[in-house]
2 protein chains.
Amino acid sequence: MDEKNQFKKILKLDKINLEIFNSFTRDGKINYSKIGREHGVSHVSIKNRYENLIKKNIIKPSILVNFSKLDFKLAILLLELDSEAYENVKAKYSNCPRILFSFNLIGEYNHLLVFFAENLETVETIFNSCMLYNLKGVRKSNILIFGSLSEDLFLPLNFNQLDQQNENTPCGTCCKFCKSFIKEQCIGCPASKYYKGPLKIT
Amino acid sequence: MDEKNQFKKILKLDKINLEIFNSFTRDGKINYSKIGREHGVSHVSIKNRYENLIKKNIIKPSILVNFSKLDFKLAILLLELDSEAYENVKAKYSNCPRILFSFNLIGEYNHLLVFFAENLETVETIFNSCMLYNLKGVRKSNILIFGSLSEDLFLPLNFNQLDQQNENTPCGTCCKFCKSFIKEQCIGCPASKYYKGPLKIT
DNA sequence: TATATCTTGTTACAATTTGTAACTTAATTA
DNA sequence: TAATTAAGTTACAAATTGTAACAAGATATA
């Protein structure tokens, strides 16, 4: 108790934990025995460290997808929402497969959504028909369109949200009745049966 | 060749690959044998699928860190850079451990940097002393400050950039001479020997 | 058309890793 | 002081993984 530190010790960064993270990022595997051997501890000890970090919700293993390789397009929607809308937006889009991140902001805009689409026409549809058209209580909005992505851009994609049996999208609409979808300007929602893009599950 | 599809088949999403991704996201492990057994193929086949996706740079396994749990603060810096600066910024900050993402934009701003810090004072220092002060050719800038983070926010953190032996930071400055660092308004760069925050390697 | 190559799969066996249980020690908390 | 939590140990059986050699089909290539 002799040292006053403003930071809680949540994540201990010693040689062993760093090696766990790095080995994982290198080849997507943790070889408990190998790491244990290299650091003079038992494989059970490495296993426990790793599993405890996950159990305590401090780290989460994940598969990142190369958005450049798939030629996906990204955009950010900035919103100023009134207090009611502010509460509703996160709920409404919490299962949207196109939203990568959703953040509260302080300042000019109070909400930020990062989303992707498979081509630029679909970005346009999502921005206009899917989102703004559906949202009540938007005082102001702005969009940031991303240019060419850097050579390799790895981002997390929620594959477990891709339920392509559904008539309606998770946000509660139906592509069948959407003008952009009918005119083939949009490939549809990847979490509905009408989707016809590269994330179609075969 | 009978079907004309605008999308290249890069990532095949069949039951097996989906199960690989989902099993990985669940517990950070891929049990080749188990998945193979459940889908009626050999464990070697699962191993090959997984390793080929990585080898071809389509997916990347990664450890995400719970930024909410660590109480990290996030911010976005929007920049309009002239053509020379535009080329230099990415290079300069390519190894910055605080930058989570760096994107080119089309429009009002042409560059976007997402960065994090361990407390708000440090966010301020990074924005002022570290970044804007160091950058030539900035025509316009804006900052988006993130409010409280959602309960669990998992983001990728580059642990292999945390080399804490260095006198100078990867962006080429030295915390020792920084006013904010001296006045203890900033905890320093996590990729230098002067760093004194929760990512200190013990 | 024939040939090469890439993709995706197979089997079988040895080597290695993992899971589990029971236990130890130290530090922290009530 | 006692209880709990954290971080580690050993040993053995069970299960997974790596490897090599091979096969079938699709796709390029000369």
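The values are calculated or read from the model by the stated rules, or taken from the named source; none is laboratory data. Quick caveat: nothing in here was measured; it's all calculated off a predicted structure. Glycine gets a Cβ as well: all are built from the backbone with ideal geometry, and neighbour counts include every protein chain shown.
Starting from region B:47-59, take each residue that is more than 19 Å from residue A:157 (Cα to Cα) and list its partners that are within 15 Å of DNA strand D (Cβ to nearest atom), counting only C-beta distances under 7 angstrom and pairs at least six apart or across chains.
B:47/B:32
When the residues of region A:33-44 are filtered to those that are near DNA strand D (Cβ under 8 Å from one of its atoms) and either in contact (Cβ under 8 Å) with a residue 12 or more places away in the chain or not assigned by TED's automatic domain parsing to the domain that holds residue A:21 (or both), which remaining residue is surrounded by the most Cβ atoms within 10 Å (Cβ to Cβ)?
Ranking the candidates gives A:41 first.
Counting only residues that are within 23 Å of residue A:64 (Cα to Cα), in a loop (DSSP other than H, G, I, E, B) and of a type in the set (Val, Ile, Thr), how many does region A:3-50 have?
So the count comes out to 1.
Among the residues of region A:112-121 satisfying the criterion of being within 11 Å of chain B (Cβ to nearest Cβ) and touching a Phe, Trp or Tyr at 6+ places or on another chain (Cβ under 9 Å), which is surrounded by the fewest Cβ atoms within 10 Å (Cβ to Cβ)? Talk me through it step by step, then tell me what you get.
First, pick out the residues of region A:112-121 that are within 11 Å of chain B (Cβ to nearest Cβ): A:112, A:114, A:118-121.
In the following step, the residues that additionally are touching a Phe, Trp or Tyr at 6+ places or on another chain (Cβ under 9 Å) were identified as A:112, A:114, A:118-119.
Values: A:112: 20, A:114: 20, A:118: 23, A:119: 18.
The qualifying residue surrounded by the fewest Cβ atoms within 10 Å (Cβ to Cβ) is A:119.
What about residue A:146, is it free of Cβ contacts under 8 Å to residues at least 60 places away in the same chain and under 21 Å from the mean Cα position of the chain (by Cα)?
Details: free of Cβ contacts under 8 Å to residues at least 60 places away in the same chain: no; under 21 Å from the mean Cα position of the chain (by Cα): yes.
It is false that residue A:146 is free of Cβ contacts under 8 Å to residues at least 60 places away in the same chain and under 21 Å from the mean Cα position of the chain (by Cα).
Output the residues belonging to region A:45-91 that are β-branched (Val, Ile, Thr), within 12 Å of DNA strand D (Cβ to nearest atom) and in contact with a helix residue (DSSP H, G or I) (Cβ under 7 Å, 6 or more places away or on another chain). Step through it out loud before you land on a result.
Taking region A:45-91 first, the residues β-branched (Val, Ile, Thr) are A:46, A:54, A:58-59, A:63, A:65, A:76, A:89.
Checking which are within 12 Å of DNA strand D (Cβ to nearest atom) leaves us with A:46, A:58.
Of everything in region A:45-91, just one residue is β-branched (Val, Ile, Thr), within 12 Å of DNA strand D (Cβ to nearest atom) and in contact with a helix residue (DSSP H, G or I) (Cβ under 7 Å, 6 or more places away or on another chain), namely A:46.
With within 12 Å of DNA strand C (Cβ to nearest atom), over 24 Å from the mean Cα position of the chain (by Cα) and hydrophobic (A, V, I, L, M, F, W, C) as the only criterion, which of B:35, B:10, B:58, B:20 stands out? Break it down stepwise before answering.
Numbers: B:10 fails: over 24 Å from the mean Cα position of the chain (by Cα); B:58 fails: over 24 Å from the mean Cα position of the chain (by Cα); B:20 fails: over 24 Å from the mean Cα position of the chain (by Cα).
So the residue among B:35, B:10, B:58, B:20 that is within 12 Å of DNA strand C (Cβ to nearest atom), over 24 Å from the mean Cα position of the chain (by Cα) and hydrophobic (A, V, I, L, M, F, W, C) is B:35.
Hey, residue B:14 hits all of (1) within 16 Å of DNA strand D (Cβ to nearest atom); (2) charged (D, E, K, R); (3) surrounded by 16 or more Cβ atoms within 10 Å (Cβ to Cβ); (4) within 12 Å of chain A (Cβ to nearest Cβ) but one; which does it fall short on?
(3)
Go through region A:177-202 and count every residue that is closer than 12 Å to residue A:162 by Cβ and basic (Lys, Arg).
Adding up the residues that qualify gives 2.
Filter region A:96-149 down to residues that are closer than 16 Å to residue A:82 by Cα, in a loop (DSSP other than H, G, I, E, B) and polar (S, T, N, Q), then give me how many there are.
1
Among the listed residues B:20, B:30, which satisfies the condition of being facing chain A (nearest Cβ under 9 Å), within 11 Å of DNA strand D (Cβ to nearest atom), in contact with a Phe, Trp or Tyr (Cβ under 6 Å, 6 or more places away or on another chain) and closer than 24 Å to residue A:22 by Cβ? Give the derivation first.
On the way: B:20 fails: within 11 Å of DNA strand D (Cβ to nearest atom).
B:30 is the lone residue from the list that is facing chain A (nearest Cβ under 9 Å), within 11 Å of DNA strand D (Cβ to nearest atom), in contact with a Phe, Trp or Tyr (Cβ under 6 Å, 6 or more places away or on another chain) and closer than 24 Å to residue A:22 by Cβ.
Being crowded, with 21+ Cβ neighbours inside 10 Å, hydroxyl-bearing (Ser, Thr, Tyr) and not assigned by TED's automatic domain parsing to the domain that holds residue B:101 is the filter here; which residues of region B:150-202 pass it?
Scanning region B:150-202 gives B:192, B:195.
Could you list all residues from region B:132-148 that are more than 17 Å from residue B:101 (Cα to Cα) and at the interface with chain A (Cβ under 10 Å from one of its Cβ atoms)?
B:147, B:148 - these are the residues of region B:132-148 that are more than 17 Å from residue B:101 (Cα to Cα) and at the interface with chain A (Cβ under 10 Å from one of its Cβ atoms).
Kindly list the number of the only condition in (1) over 30 Å from residue B:58 (Cβ atoms); (2) within 16 Å of DNA strand C (Cβ to nearest atom); (3) not in a loop (DSSP other than H, G, I, E, B) that fails for residue A:78.
(2)
Scan region A:58-111 residue by residue and report those that are farther than 24 Å from residue B:142 by Cβ, of a type in the set (Lys, Arg) and within 11 Å of chain B (Cβ to nearest Cβ).
A:60, A:69, listed by residue number.
Looking at (1) under 22 Å from residue A:196 (Cβ atoms); (2) surrounded by fewer than 19 Cβ atoms within 10 Å (Cβ to Cβ); (3) among the aromatic types (Phe, Trp, Tyr), which is the one condition that is false for residue A:101?
Among (1) under 22 Å from residue A:196 (Cβ atoms); (2) surrounded by fewer than 19 Cβ atoms within 10 Å (Cβ to Cβ); (3) among the aromatic types (Phe, Trp, Tyr), the lone unmet condition for residue A:101 is (1).
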